[in-house]
Each structure stands twice: as C-alpha cells, then as structure tokens.
Amino acid sequence: MDVLSARPTRRSLLSGAAGAVSLIAAPSILRAQTKELVVGGAAGHKPWVEQVVVPAFEKKYNCKVLFEGTRSLVNLEKMQKNKGKQYMSVVQMDDPVMILAVKEDLLDPLTPGKAPNLSQLVPGSSHMEGMWANYLQPWLGVAYSKGAMKTPPSSWADLFEAKYKGRIIIPSLQNTEGLPVLFAAGMLAGGTLEAIQKDTDAGFKKLVSLKPNLLTIYTQQPQAYNLLEQGEAYMIGPAMSSYALERKAAGAPIDLVAPKEGVFAMPSGIAVIKGAPQAELAFAYVNELLGAELQEKLAGPTFSLATNKAVPRPAGLGADVTIHQIDWANVAAQRNDWIKRWDREMAI
C-alpha cells in the first residue's frame, strides 16, 4: 500500500506540534514529509528494479520510489508532454531514444560531482558529455540449438556457411539488437568497426550472401526463439544475452556463445530529466545504479555486463573476448537510410 494513502490519527498529527492541526490538512502534511521519486523504465526491468534496487535505495535515502514500466519511446513522449512540469525524475531508456531526448533538451547532464560513480565506469559507458550513462550492457553473440548443433559456433562467419541453408534467423534492422548483424557482416568483409559504422556498403553486400541461409527475419523475439528451441532453426545471430540466457536458465535447449571476432554491447541507459522533481535524489539514484555494489547484484540476474570497472565480467566472457561499443549517435543519424536499403535488399 502507498504510504501516502494511509490516514494518520489525530493524536499522531498533534504530537510535537506547536498548535492544533486540523485533520483535513493531514494528507498534505504527510506528503510534504515524504520524498517521492518517480522513475520511468522498461516494463521488463520492473521485477529486478522493484526487488533489488528499490528496497535498497528507499532504505538508504528514506524515500519512496515509484517505477513506471513501459517502453523507451513512451517515456520519451511523457517527457515531451510534461516539459517544464515534469513529474518523473529519472529515465532508464535505450541509447537511441536517449539521443532523441538530448536533441529536445530533456536531460540534465551527469557530472562526477553529482554522480561520483560516473568516474568509475569502463570507457564508452558515458555519452554526449555525460547526458546519460550505461549502468548495464546486455551483450550480443550467437545463440544456437544444442540439439541441432553438436559443435557450438565459434565465429560470426558460421552464420554464412552453406551447410546451414534455411536454418539461420537474424533480427530485423528495425530492432536495436538487429543493427550489429550489419556491422558483423562488414567486419567479415574486412573492415574495422569504426569504418564500417560510417560506411555500411560492404556490410550490406556481405549480408545479401546470407539470404539463402535465412529461415526468417524476426521483429518479435519469442517466435524466433520458439523455432530455435524446437531445432527448426540452428542459430540466431545476433542474440541478446538478457533474452537467450534467460531462456537457457529456464531449461530451453539452447546456449549463447561469444564469437572469436568479439561481441557487441547493447545499451541500458540512465539519465536525470531536466527540471526533475527531487533532483538531488534523482542524481543519487543514478549514482547508485552506476556503483559496483548494485551492479554486482544485477549483472547476474539480468545476464548483462556491468559498466563499473570493479565488477568482473560474467561467465562465458573471458578477458580475451573483445567487447565492441557501438556509436549510437551515428546510428541515430543513419538508421533510416539503412532501414530503407535493408527493406530493398534483404526481403525474403
């Protein structure tokens, strides 16, 4: 039950007061005494936010945290609609949507003074001069059917082998996790990640050669993983650790591997909204999620990489595995053109 909904007794209201206080005024007095922080995030994050983050934060800061779970674009719409009169203080959103929020002047920059743990993050975790930071990074590798493949894949090139004709699934470029399939293809064609993100022509040409191997291109993960778990599909690539490893943990006969060329880090961003109520508390919330203590508790259950340097990599990602960071500002600038070309050349 929300503590604000409880009706206090007359005795409790009068205790310690300089004079009599009317019962009618009690709810507003109680509200004024209760610090309340509203956080907007992904609906899928709600279980671990409310089970791990909220209890620890409320106890430490003597406050109430309300988590509104929805999609990143919905949170952006809320921020746009309430510009100048925000009721949310913090947002946890995908990096491409964070970029849109920056363009509309909706975020309050993070600094080491306001969030000291910002200085403890691995390179590439803070973006656009501290407008937001990544607190966790699900990683993308290749998921495979353990029943259909006795030898796990070891390279992004395995997706292209002729013996897997009609057995491969890839995400659509409209999905955030689909973007690195274009970059992986470009790397296989001989380019560096930095170069192929700016010029994707070689990546597209390589992807066209994958078409005979494709069983389907998905926009919804559950259907794709059903095919993988049934053994009809042999591999999904790129595959998100936070989804594939959760399915594995639930008993699905699949696994996720890190290809020898490296894996791609996906964004889980956090930011303070410009004009946020309880701004000091908002920066404290961000700082806690950037800290090693909470990240160590969250990295395992969310099957993600921590961004705090003090937290070790999860099982399956040794020190020799390269973790590729994506230039999300470049993605935002070029993605519409990439999708148009994808629609023309990758239809199956």
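Each reported figure results from applying straightforward, stated rules to the coordinates on display, with no laboratory input. No experiment lies behind these values; they were computed from the predicted model shown. So basically every Cβ, Gly included, is an ideal-geometry build from the backbone, and we count neighbours across all protein chains shown.
Structure data summary
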quantity	calculated
Ser209 versus Ser119: modelled label distance in nm, points set 7 Å from Cα along the beta carbon direction	4.9
For Ile254, residues with placed amide H under 5 Å, excluding near neighbours	Lys146
The range 192-348: relative contact order in percent, alpha carbon pairs under 8 Å with at least 6 residues between	27
Neighbourhood net charge (12 Å Cβ-Cβ; Lys/Arg +1, Asp/Glu -1) for Asn330	-3
Expected-Rg normalisation [2.2 N^0.38 Å, Cα atoms] applied to the range 219-348	1.29
The range 49-154, relative contact order [Cα under 8 Å, separation at least 6], %	15
Fully extended contour minus Cα-Cα distance, from Gln51 to Ala279, at 0.36 nm per residue	79.7 nm
Proportion of all alpha-carbon pairs of the range 32-113 beyond 16 Å (%)	55
Chain lengthening between Asn336 and Asp199 when straightened (0.36 nm per residue, less Cα-Cα)	47.9 nm
Inter-probe distance in nm under a simple model that places probes 7 Å from Cα toward Cβ, at Gln230 and Met128	4.2
Among Ala195, Gly141, Val102 - extreme Cα towards positive end, dipole of the range 94-243, charges at beta-carbon	Gly141
Residue-count net charge about Val311 - beta-carbon cut-off 15 Å; Lys, Arg +1, Asp, Glu -1	0
Separation in nanometres of the label points that stand 7 Å from Cα toward Cβ, at Ala319 and Thr70	4.5
Extension gain (nm, one decimal) between Ala157 and Ala347, 0.36 nm per residue minus Cα-Cα	66.3 nm
Packing-based ranking, highest mean first, of 315-321, 233-239 given that Cβ atoms within 10 Å are counted	233-239, 315-321
The range 121-138 residues near the modelled Glu246 label - backbone nitrogen below 19 Å, point 7 Å along Cα→Cβ	135-138
Directionally averaged shadow of the chain, computed from the convex hull of its alpha-carbon atoms, nm²	20.0
CD proxy at 222 nm, helix term only [per DSSP H run n ≥ 4: -39500 (n - 2.57); per residue of the chain; nearest 500]	-10000 deg cm²/dmol
